[in-house]
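Colleague: Got a structure here, written out as structure tokens. Questions coming.
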Amino acid sequence: MPDVFILGIESSCDETAAAVVRSGDELISNVVYSQFATHQPYGGVVPELASREHLRAIVPVVRKALEDAGKSYATIDAVAVTQGPGLAGALLVGLSYAKALAYAADKPLIAINHLEGHIHAVLLEERQKENRELQFPVLALVVSGGHTHLYLVERKQGSWVYHDVGHTRDDAAGEAFDKVAKLLELGYPGGPTIDFLARHGNPEAVKFPFAQIKHRDRNPQNRFPADERRVDFSYSGIKTAVLRYVETHAMQAAIEQRRRALDGKPTPSREDYVAACDRQTLDLVASFQRAVVDDLVGKTLLAASEHGAATLLVTGGVAANSELRQTFESRAAEEGLDVYFPSRKLSTDNAAMIAAAAYPRFLAGEFAGAELSSEPGLKLR
Ligand code: KG4
Ligand code: ZN
């Protein structure tokens, strides 16, 4: 089989990204333009601003990815693009551009689900490390700012098939990180800052009990077999619990003081944040992170045992979290499970994962037609 060079394009949220991947196997170029600075003042992604920034960035980002790879529109073999899920306007920019490009260059167009992309970020990097012997069944936790999803992954005649065995009923885990950071004046996105600050606090200081989710399939009267049971998540409660803690412990003055201290710095460093945090805040973020990590790891391991998984993949922006990685590594080792993460660079949104996920579809000839449209609520199957 000759080499296949796929150009991937991703624009589902607040990163404009393009990459070239060879035969689903090797990352040739990877360009990510992040809009953090645009959304930072609002403490979250503003959809209209995201679309506008994608429009500005898409052409130079794609050009740079081709240039870094030593490729041109003529010498790539296919264009892959994120179809959904994501922000409607943001998705539309990448998809329209990819469609136009594929049409003008006369290349096949491949539509990819963003969540499938996150899973393939891990697979791409494991193949790069010559690890091709993944033990099935595989359970993948996709955990980011927009998603907290557990999929049981199978391979059927060269294609990948995904069964949703659990997801968040309200907020995504990354959204909880971002909202808690916003509440405490810790900037946007909140995950990386909380990850760093938590190292300086006591994770045992505040106890955050998680509400038990009622699963119909766990009612003994319904007698669902273990492998049909779901493991769902919920992260809106912990955000409210942090807010209540702030109110009952009179932390508003300290938060206001931090806002003023960081106001003059356009991009505060990690050290600036540490310097602007008192002990109580550091303990609070460490305890919050510990609670979310324990919940994610505990529920994933429960699902792994009920579905007989042999391998865990943990991916998406929150997979960059140091405590999450360490806890997964030690707990999975105790259970005799292999666990793989993407590198930090490929944990958050990128287009290499889109180009990698497109390779099996290229081989299977699964190409999109001119009628392809973006789907903000696209499900992964
Ligand atoms: O995958 P991603 O780039 O975009 C989505 O598809 O949502 O994930 C972004 C999310 C944000 O919520 C961000 O706060 C979180 O990932 N994140 C982290 C860390 N790095 C990024 N959360 C916790 N710890 C981190 N180190
Ligand atoms: Zn993502």
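Colleague: Provide a single number: the residues in region 149-200 that are open to solvent by 30 Å² or more (accessible area, probe 1.4 Å), within 16 Å of ligand 2 (Cβ to nearest atom) and in contact with a Ser or Thr (Cβ under 7 Å, 6 or more places away or on another chain).
Modeller: Summing the residues that are open to solvent by 30 Å² or more (accessible area, probe 1.4 Å), within 16 Å of ligand 2 (Cβ to nearest atom) and in contact with a Ser or Thr (Cβ under 7 Å, 6 or more places away or on another chain) in region 149-200 gives 1.
Colleague: Go through region 20-55 and count every residue that is of a type outside the set (A, V, I, L, M, F, W, C), modelled with pLDDT of 90 or more and part of a helix (DSSP H, G or I).
Modeller: Qualifying residue count for the region: 8.
Colleague: Tell me, which residue of region 313-347 that is open to solvent by 20 Å² or more (accessible area, probe 1.4 Å) and assigned to a strand (DSSP E or B) is nearest to ligand 2 (Cβ to nearest atom)?
Modeller: Only one residue fits best here, namely TYR340.
Colleague: Looking at PRO192, PRO203, which is the one that is modelled with pLDDT of 95 or more and in a loop (DSSP other than H, G, I, E, B)?
Modeller: PRO203
Colleague: Would you tally the residues in region 14-26 being within 19 Å of the chain's Cα centre (by Cα) and either open to solvent by 40 Å² or more (accessible area, probe 1.4 Å) or hydroxyl-bearing (Ser, Thr, Tyr) (or both)?
Modeller: The number of residues fulfilling the criteria is 1.
Colleague: Still on this structure, I have one more. Can you report the number of residues in region 297-312 which are within 14 Å of VAL165 (Cα to Cα) and buried (at least 17 other Cβ atoms within 10 Å of the Cβ)?
Modeller: Number satisfying all stated conditions: 9.
Colleague: So is GLY145 assigned by TED's automatic domain parsing to the domain that holds ALA286, among the small types (Gly, Ala, Ser) and open to solvent by 10 Å² or more (accessible area, probe 1.4 Å) or not?
Modeller: Criteria met by GLY145.
Yes/no per residue for (1) open to solvent by less than 30 Å² (accessible area, probe 1.4 Å); (2) away from ligand 2 (no atom under 16 Å from the Cβ):
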| site | (1), (2) |
| --- | --- |
| ARG63 | no, yes |
| LEU66 | yes, yes |
| VAL79 | yes, yes |
| ALA90 | yes, no |
| TYR103 | no, yes |
| ASP106 | no, yes |
| LEU109 | yes, yes |
| ILE119 | yes, no |
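The values are calculated or read from the model by the stated rules, or taken from the named source; none is laboratory data. Note that the structure is a prediction, hence the values are computed from the model and not measured. Note that each Cβ is placed from the backbone with ideal geometry, even for glycine, and that neighbours are counted across all protein chains shown. Side chains included, ligands, DNA and RNA excluded: accessible areas come from the protein's heavy atoms. Shrake-Rupley method; radii C 1.70, N 1.55, O 1.52, S 1.80 Å.
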